[in-house]
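Colleague: Take a look at this one; I'll ask things after.
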Amino acid sequence: MTYELFLGNRLYFSWSIAAYLMFEHFGLADQVALTVFQPQDEADVKRHLSGLSPARTLPTMRTPEGVIVSDSMAIAEELASRHPDIAFWPRDPAARAVARTLANEMHSSFGGLRGNWPVNLRHAYAPVTPPVEIAAELDRLEQIWSNAREVTGATGPWLCGDYCLADAIFAPMAARLAAYGFDTRSTTKSYVAAHLADPAFRKWRTDGLKLDPEMSKFELDLPQADWPV
Ligand SMILES: N[C@@H](CCC(=O)N[C@@H](CS)C(=O)NCC(=O)O)C(=O)O
(Lines give C-alpha, C1' and ligand atoms only; values in the text may rest on other atoms or scores of the structure.)
Protein backbone atom coordinates (compact mmCIF):
# COMPACT_ATOMS: atom_id res chain seq x y z
CA MET A 1 0.00 0.00 0.00
CA THR A 2 1.52 3.33 -1.03
CA TYR A 3 0.16 6.79 -0.56
CA GLU A 4 1.46 9.77 -2.47
CA LEU A 5 1.73 13.08 -0.65
CA PHE A 6 2.23 16.35 -2.50
CA LEU A 7 3.70 19.13 -0.41
CA GLY A 8 5.16 22.62 -0.67
CA ASN A 9 8.56 24.04 0.34
CA ARG A 10 9.30 22.51 3.75
CA LEU A 11 10.51 25.79 5.24
CA TYR A 12 7.38 27.87 4.64
CA PHE A 13 4.32 25.81 3.65
CA SER A 14 2.51 25.47 6.92
CA TRP A 15 -0.09 22.80 6.24
CA SER A 16 2.50 20.67 4.49
CA ILE A 17 4.35 20.34 7.81
CA ALA A 18 1.25 18.92 9.48
CA ALA A 19 0.53 16.46 6.67
CA TYR A 20 4.10 15.17 6.68
CA LEU A 21 3.91 14.59 10.45
CA MET A 22 0.69 12.62 9.98
CA PHE A 23 2.78 9.97 8.23
CA GLU A 24 6.17 10.36 9.90
CA HIS A 25 4.89 10.41 13.47
CA PHE A 26 2.52 7.49 13.23
CA GLY A 27 4.71 4.81 11.64
CA LEU A 28 3.57 5.33 8.03
CA ALA A 29 6.75 6.87 6.63
CA ASP A 30 7.47 3.73 4.60
CA GLN A 31 4.00 3.79 3.06
CA VAL A 32 4.20 7.21 1.49
CA ALA A 33 6.00 8.69 -1.50
CA LEU A 34 6.64 12.40 -1.02
CA THR A 35 6.72 14.97 -3.81
CA VAL A 36 7.79 18.44 -2.71
CA PHE A 37 6.84 21.22 -5.12
CA GLN A 38 8.39 24.68 -5.11
CA PRO A 39 5.49 26.92 -6.16
CA GLN A 40 6.10 30.64 -6.24
CA ASP A 41 2.48 31.74 -5.79
CA GLU A 42 -1.09 30.45 -5.75
CA ALA A 43 -1.31 30.20 -9.54
CA ASP A 44 1.85 28.13 -9.46
CA VAL A 45 0.31 25.81 -6.84
CA LYS A 46 -2.58 25.19 -9.22
CA ARG A 47 -0.20 24.60 -12.11
CA HIS A 48 1.73 21.97 -10.14
CA LEU A 49 -1.53 20.28 -9.16
CA SER A 50 -3.12 20.37 -12.62
CA GLY A 51 -2.55 16.64 -13.13
CA LEU A 52 -4.16 15.86 -9.78
CA SER A 53 -7.66 17.11 -10.40
CA PRO A 54 -9.61 18.37 -8.53
CA ALA A 55 -6.84 19.30 -6.07
CA ARG A 56 -5.92 22.97 -5.84
CA THR A 57 -4.09 23.28 -2.53
CA LEU A 58 -1.08 21.75 -0.83
CA PRO A 59 -0.97 19.35 0.89
CA THR A 60 -2.75 16.87 -1.34
CA MET A 61 -2.74 13.11 -0.87
CA ARG A 62 -3.41 10.41 -3.45
CA THR A 63 -4.71 7.24 -1.83
CA PRO A 64 -3.38 3.81 -2.83
CA GLU A 65 -6.50 3.34 -5.01
CA GLY A 66 -5.92 6.68 -6.72
CA VAL A 67 -8.40 9.02 -5.04
CA ILE A 68 -7.33 12.64 -4.52
CA VAL A 69 -7.75 13.95 -0.97
CA SER A 70 -7.02 17.63 -0.40
CA ASP A 71 -7.31 19.59 2.80
CA SER A 72 -5.31 18.72 5.91
CA MET A 73 -8.28 17.68 8.03
CA ALA A 74 -9.58 15.38 5.31
CA ILE A 75 -6.14 13.77 5.06
CA ALA A 76 -6.07 13.41 8.85
CA GLU A 77 -9.51 11.82 9.09
CA GLU A 78 -8.92 9.59 6.09
CA LEU A 79 -5.72 8.20 7.60
CA ALA A 80 -7.41 7.68 10.96
CA SER A 81 -10.28 5.76 9.30
CA ARG A 82 -7.99 3.66 7.14
CA HIS A 83 -5.64 2.70 9.98
CA PRO A 84 -7.80 1.95 13.03
CA ASP A 85 -4.86 0.08 14.58
CA ILE A 86 -2.92 3.37 14.88
CA ALA A 87 -3.91 5.87 17.61
CA PHE A 88 -4.14 8.93 15.38
CA TRP A 89 -6.75 10.22 17.79
CA PRO A 90 -6.62 9.39 21.52
CA ARG A 91 -8.40 6.11 22.37
CA ASP A 92 -10.05 7.65 25.42
CA PRO A 93 -13.37 9.21 24.28
CA ALA A 94 -13.03 12.37 26.37
CA ALA A 95 -9.45 12.98 25.24
CA ARG A 96 -10.48 12.25 21.66
CA ALA A 97 -13.26 14.83 21.83
CA VAL A 98 -10.79 17.42 23.12
CA ALA A 99 -8.24 16.54 20.42
CA ARG A 100 -10.83 16.84 17.64
CA THR A 101 -12.00 20.19 18.99
CA LEU A 102 -8.43 21.49 19.08
CA ALA A 103 -7.53 20.29 15.59
CA ASN A 104 -10.65 21.78 14.06
CA GLU A 105 -10.21 25.11 15.83
CA MET A 106 -6.66 25.31 14.52
CA HIS A 107 -7.90 24.50 11.04
CA SER A 108 -10.66 27.12 11.04
CA SER A 109 -9.22 29.95 13.15
CA PHE A 110 -6.21 32.10 14.04
CA GLY A 111 -6.41 34.14 10.85
CA GLY A 112 -4.37 37.01 12.32
CA LEU A 113 -1.37 34.81 13.00
CA ARG A 114 -1.76 32.77 9.85
CA GLY A 115 -2.27 35.74 7.59
CA ASN A 116 0.47 38.02 8.87
CA TRP A 117 3.20 35.88 10.41
CA PRO A 118 4.34 33.28 7.90
CA VAL A 119 5.86 30.04 9.08
CA ASN A 120 9.60 30.23 8.61
CA LEU A 121 11.82 27.30 9.55
CA ARG A 122 14.90 28.90 8.01
CA HIS A 123 15.11 32.05 10.09
CA ALA A 124 13.96 33.12 13.52
CA TYR A 125 13.67 36.77 14.48
CA ALA A 126 14.53 38.81 17.53
CA PRO A 127 11.40 38.61 19.70
CA VAL A 128 8.61 40.77 18.32
CA THR A 129 6.10 42.53 20.58
CA PRO A 130 2.82 40.94 19.50
CA PRO A 131 0.55 43.49 17.82
CA VAL A 132 -2.73 43.96 19.58
CA GLU A 133 -4.69 42.18 16.85
CA ILE A 134 -2.92 38.87 17.51
CA ALA A 135 -2.62 39.15 21.31
CA ALA A 136 -6.13 37.70 21.65
CA GLU A 137 -5.15 34.75 19.45
CA LEU A 138 -2.05 34.12 21.56
CA ASP A 139 -4.23 34.21 24.68
CA ARG A 140 -6.67 31.82 23.05
CA LEU A 141 -3.91 29.33 22.22
CA GLU A 142 -2.65 29.44 25.80
CA GLN A 143 -6.20 28.90 27.03
CA ILE A 144 -7.11 25.94 24.83
CA TRP A 145 -3.73 24.26 25.24
CA SER A 146 -3.87 24.60 29.03
CA ASN A 147 -7.47 23.43 29.09
CA ALA A 148 -6.66 20.38 26.99
CA ARG A 149 -3.88 19.33 29.33
CA GLU A 150 -6.12 19.80 32.36
CA VAL A 151 -9.15 17.99 30.96
CA THR A 152 -7.19 15.04 29.55
CA GLY A 153 -4.78 14.85 32.51
CA ALA A 154 -1.81 15.07 30.15
CA THR A 155 1.49 15.03 32.03
CA GLY A 156 3.93 14.73 29.11
CA PRO A 157 4.80 17.17 26.35
CA TRP A 158 1.67 16.71 24.21
CA LEU A 159 -1.82 18.15 24.66
CA CYS A 160 -3.97 15.06 25.11
CA GLY A 161 -1.53 12.40 26.35
CA ASP A 162 0.39 10.67 23.58
CA TYR A 163 1.18 12.60 20.39
CA CYS A 164 -1.99 12.70 18.28
CA LEU A 165 -3.37 14.44 15.20
CA ALA A 166 -4.09 17.61 17.17
CA ASP A 167 -0.36 17.91 17.88
CA ALA A 168 0.51 17.36 14.21
CA ILE A 169 -1.98 20.06 13.21
CA PHE A 170 -0.50 22.49 15.75
CA ALA A 171 3.14 21.87 14.76
CA PRO A 172 3.20 24.69 12.17
CA MET A 173 1.67 27.09 14.68
CA ALA A 174 4.33 26.12 17.24
CA ALA A 175 7.03 26.79 14.64
CA ARG A 176 5.46 30.15 13.81
CA LEU A 177 5.37 31.20 17.47
CA ALA A 178 9.00 30.13 17.90
CA ALA A 179 10.18 32.08 14.87
CA TYR A 180 8.85 35.41 16.18
CA GLY A 181 9.30 34.87 19.93
CA PHE A 182 5.54 34.75 20.48
CA ASP A 183 5.96 31.81 22.87
CA THR A 184 6.16 33.65 26.17
CA ARG A 185 3.00 32.34 27.87
CA SER A 186 3.80 29.39 30.13
CA THR A 187 1.91 26.44 28.59
CA THR A 188 2.67 27.82 25.14
CA LYS A 189 6.37 28.00 25.93
CA SER A 190 6.70 24.35 26.92
CA TYR A 191 4.42 23.14 24.12
CA VAL A 192 6.43 25.04 21.49
CA ALA A 193 9.65 23.63 22.97
CA ALA A 194 8.22 20.10 22.68
CA HIS A 195 7.62 20.57 18.95
CA LEU A 196 11.07 22.06 18.36
CA ALA A 197 12.63 19.04 20.10
CA ASP A 198 10.44 16.49 18.31
CA PRO A 199 12.65 14.24 16.11
CA ALA A 200 10.07 14.09 13.29
CA PHE A 201 9.75 17.88 13.21
CA ARG A 202 13.54 18.25 13.33
CA LYS A 203 13.98 15.84 10.43
CA TRP A 204 11.51 17.87 8.36
CA ARG A 205 13.38 21.09 9.13
CA THR A 206 16.79 19.54 8.43
CA ASP A 207 15.56 18.23 5.08
CA GLY A 208 14.12 21.65 4.28
CA LEU A 209 17.37 23.44 5.07
CA LYS A 210 19.25 20.96 2.89
CA LEU A 211 16.87 20.65 -0.05
CA ASP A 212 14.53 23.62 -0.33
CA PRO A 213 15.27 27.17 -1.54
CA GLU A 214 14.85 30.35 0.44
CA MET A 215 11.72 32.28 -0.61
CA SER A 216 12.07 35.99 -0.07
CA LYS A 217 8.30 36.56 -0.10
CA PHE A 218 8.06 34.75 3.24
CA GLU A 219 11.03 36.50 4.84
CA LEU A 220 10.03 39.51 6.93
CA ASP A 221 12.18 42.61 7.21
CA LEU A 222 13.00 42.13 10.89
CA PRO A 223 16.24 41.60 12.82
CA GLN A 224 17.12 37.91 12.70
CA ALA A 225 18.06 35.66 15.62
CA ASP A 226 19.38 32.12 16.03
CA TRP A 227 16.82 29.38 15.54
CA PRO A 228 15.67 28.62 19.10
CA VAL A 229 16.82 25.01 19.60
N1 LIG B 1 -7.56 24.14 3.96
C2 LIG B 1 -6.35 23.71 3.30
C3 LIG B 1 -5.43 24.88 3.15
C4 LIG B 1 -4.18 24.55 2.41
C5 LIG B 1 -3.57 25.76 1.79
O6 LIG B 1 -4.12 26.86 1.84
N7 LIG B 1 -2.43 25.57 1.18
C8 LIG B 1 -1.78 26.66 0.51
C9 LIG B 1 -0.29 26.53 0.66
S10 LIG B 1 0.17 26.52 2.38
C11 LIG B 1 -2.14 26.59 -0.92
O12 LIG B 1 -2.10 25.53 -1.51
N13 LIG B 1 -2.52 27.74 -1.49
C14 LIG B 1 -2.94 27.84 -2.87
C15 LIG B 1 -4.39 28.24 -3.00
O16 LIG B 1 -5.07 28.44 -1.97
O17 LIG B 1 -4.83 28.31 -4.13
C18 LIG B 1 -5.69 22.60 4.13
O19 LIG B 1 -5.96 22.53 5.32
O20 LIG B 1 -4.93 21.79 3.60
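The values are calculated or read from the model by the stated rules, or taken from the named source; none is laboratory data. Small disclaimer: the values here were computed from a predicted structure and weren't measured. Here the Cβ is made from the backbone with ideal geometry for all residues, glycine too, and neighbour counts use every protein chain on show. Side chains are part of the model used for accessible areas, which takes the heavy atoms of the whole protein and leaves out ligands, DNA and RNA. Shrake-Rupley method; radii C 1.70, N 1.55, O 1.52, S 1.80 Å.
Colleague: Using a 7 Å offset from the Cα along the Cα-to-Cβ direction at both Ser146 and Ser50, what is the distance between the two label points in nm, to one decimal?
Modeller: Reported label-point gap for Ser146 and Ser50 is 5.1 nm.
Colleague: For segment 186-229 and segment 18-56, what is the separation of their C-alpha centers, rounded to whole Å?
Modeller: 20 Å
Colleague: If I take every Cα pair under 8 Å that is 6 or more residues apart in the chain, average their sequence separation and divide by the length, what percent do I get for the relative contact order?
Modeller: Values: 331 pairs, mean separation 57.4, N = 229.
It rounds to 25 percent for the chain.
Colleague: Oh, and also: Test of understanding: in a Gaussian network model of the chain with alpha carbons linked when under 10 Å, which of Ala175, Ala18, Ala193 would top the mean-square fluctuation ranking?
Modeller: Evaluated over the chain, the most mobile residue of the options is Ala193.
Colleague: Separation between the Thr129 and Glu219 pseudo-spin-labels, each 7 Å from Cα along Cα→Cβ, expressed in nm?
Modeller: So the two model labels end up 2.7 nm from each other.
Colleague: Less than 15 Å Cβ to Cβ from Pro54, Lys/Arg counted +1 and Asp/Glu -1: what total charge do the surrounding residues give? Intermediate results must be reported in sequence, preceding the final value.
Modeller: On the way: positive: Lys46, Arg47, Arg56, Arg62; negative: Asp71.
Taking every Cβ under 15 Å from that of Pro54, the sum is +3.
Colleague: Now a separate question. I need the phi-derived Karplus couplings for segment 21-32: 6.51 cos²θ - 1.76 cosθ + 1.60, θ = phi - 60°, integer Hz, Gly and Pro marked x.
Modeller: Once rounded to whole Hz, the list reads 5, 5, 8, 5, 7, 10, x, 10, 4, 7, 10, 9.
Colleague: Let me ask something else about it. What accessible area per residue comes out for the chain, rounded to a whole number of Å², with a 1.4 Å probe? Kindly include the intermediate steps, with their values, before the conclusion.
Modeller: Working: 10130 Å² over 229 residues.
I get 44 Å² per residue for this part.
Colleague: Viscosity 0.890 mPa s, temperature 25 °C: give me the Stokes-Einstein translational D for the chain in µm²/s, with Rh taken as the Kirkwood radius over C-alpha pairs. Walk me through the intermediate numbers first.
Modeller: Details: Rh = 17.9 Å.
Approximately 137 µm²/s, per Stokes-Einstein.
Colleague: To continue, here is another question. Within segment 93-204, what whole-number % of the accessible surface is contributed by carbon and sulfur, with the 1.4 Å probe and all protein chains included in the calculation?
Modeller: On the way: 2320 of 4340 Å².
Reported share for carbon and sulfur atoms: 53 percent.
Colleague: Continuing with the same structure: With a sphere of radius 9 Å drawn around the Cβ of Pro39, what net charge do the other residues whose Cβ falls strictly inside it have (Lys, Arg +1; Asp, Glu -1)?
Modeller: Details: positive: Lys46, Arg47; negative: Asp41, Glu42, Asp44.
Residues close to Pro39 contribute a combined charge of -1.
Colleague: Write out the GluC sites (Glu not before Pro) in segment 36-113 meeting two conditions: DSSP loop, and at most 13 other Cβ atoms within 10 Å of their Cβ. Walk me through the intermediate numbers first.
Modeller: On the way: sites: Glu42, Glu65, Glu77, Glu78, Glu105; in loops: Glu65.
Sites meeting the loop and neighbour criteria: Glu65.
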